[in-house]
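Some notes on the structure that comes next.
FYI, it's all coordinate maths here, none of it is from the lab. Owing to the predicted nature of the structure, the values given are computational and were not obtained by experimental measurement. Every residue, glycine as well, gets a Cβ built from its backbone with ideal geometry; the counts of neighbours run over all protein chains shown.
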Amino acid sequence: MTKKNVAIFISGKGSNLEAILKKRDMSFLDCNIPFVLANRKDAKGLQVAKEHGIQTYIVDHRCFTSRQLYEDKLLEVVQKHAIDIIVLAGFMRILSSHFIRHFDGPILNIHPALLPSFPGLNAQKRALEYGVKFAGCTVHLVTDNVDAGPIFAQEIIPVFNDDSEESLSLRILEREHILLPEVLRIVLEGNYEITGRRVLIYDDKN
Ligand code: GRF
């Protein structure tokens, strides 16, 4: 079987990107990663990609006069590399229905909360301030509604009395690094089915 092409979009330090690359190096993930794309030139994860010999693109949204033109540029890069799956690994831009309609494949996102609670920015801080006893992370499919697509997997993290935003975020992030590659593997192997909002995951569908 030919390997699938996976593109990874980032905005920040790229620890989730690094987790994916490590799992690929260990042969846990069988895919090509033709490029890593960032919307900011100061995204530290670009260095992570370079260290792994992966081509990088910086497509800065501020250089485009509209979201559509920005997304057309993203689509151009994606099409050039015949990408099958996109992973948003800390990509802090919303992709509109324009992008989603024109990309024929799954787009995965990792969110640092137990969706549907705390979608959007500063999820860990808001969860802590709300007083939840369990926080966590979610890997979901990207759809037109922000952080609201069908859920592939979630991990629960207990909140401790002495937690700060930083300590909680760190414990969530450690789980993100396990969960995101696991879901990517399921998607690469096609061991899932989506019925309505539910993602049904199988041990081995084929
Ligand atoms: C993660 O917490 C992710 O859930 C959120 O942004 C953070 C990205 O971290 N969307 P990194 O850039 O992968 O280190």
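One table, with the values for the structure above:
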{"quantity": "Members of region 102-135 found to be within 21 Å of Ile186 (Cβ to Cβ) and in a strand (DSSP E or B), listed by number", "calculated": "Ile107, Leu108, Asn109, Ile110, His111"}
{"quantity": "Any hit, region 184-197, residues being surrounded by 15 or more Cβ atoms within 10 Å (Cβ to Cβ), basic (Lys, Arg) and within 16 Å of the ligand (Cβ to nearest atom)", "calculated": "no"}
{"quantity": "Number of the condition not met by Asp144 [criteria: (1) buried (at least 17 other Cβ atoms within 10 Å of the Cβ); (2) more than 20 Å from Lys13 (Cβ to Cβ); (3) touching a helix residue (DSSP H, G or I) at 6+ places or on another chain (Cβ under 7 Å)]", "calculated": "(1)"}
{"quantity": "Residue in region 30-46 that is outside any loop (DSSP other than H, G, I, E, B) and in contact (Cβ under 8 Å) with a residue 60 or more places away in the chain present", "calculated": "yes"}
{"quantity": "Some residue of region 126-138 being of a type in the set (A, V, I, L, M, F, W, C), over 22 Å from Leu21 (Cβ atoms) and surrounded by fewer than 15 Cβ atoms within 10 Å (Cβ to Cβ)", "calculated": "yes"}
{"quantity": "The one condition in (1) more than 15 Å from the ligand (Cβ to nearest atom); (2) closer than 14 Å to Ala7 by Cβ; (3) part of a helix (DSSP H, G or I) that His98 fails to fulfil", "calculated": "(2)"}
{"quantity": "Subset of region 8-34 (residues that are surrounded by fewer than 17 Cβ atoms within 10 Å (Cβ to Cβ) and farther than 19 Å from Pro106 by Cβ)", "calculated": "Lys13, Lys22, Asp25, Met26, Ser27"}
{"quantity": "Residue check, Asp162 without any contact (Cβ under 8 Å) to a residue 60 or more places away in the chain, out of contact with any helix residue (DSSP H, G or I) (no Cβ under 8 Å at 6 or more places or on another chain), farther than 21 Å from Ala19 by Cβ and part of a loop (DSSP other than H, G, I, E, B)", "calculated": "yes"}
{"quantity": "Hits in region 10-29 (condition: away from the ligand (no atom under 11 Å from the Cβ) and assigned to a helix (DSSP H, G or I))", "calculated": "Leu21, Lys22, Lys23, Arg24, Asp25"}
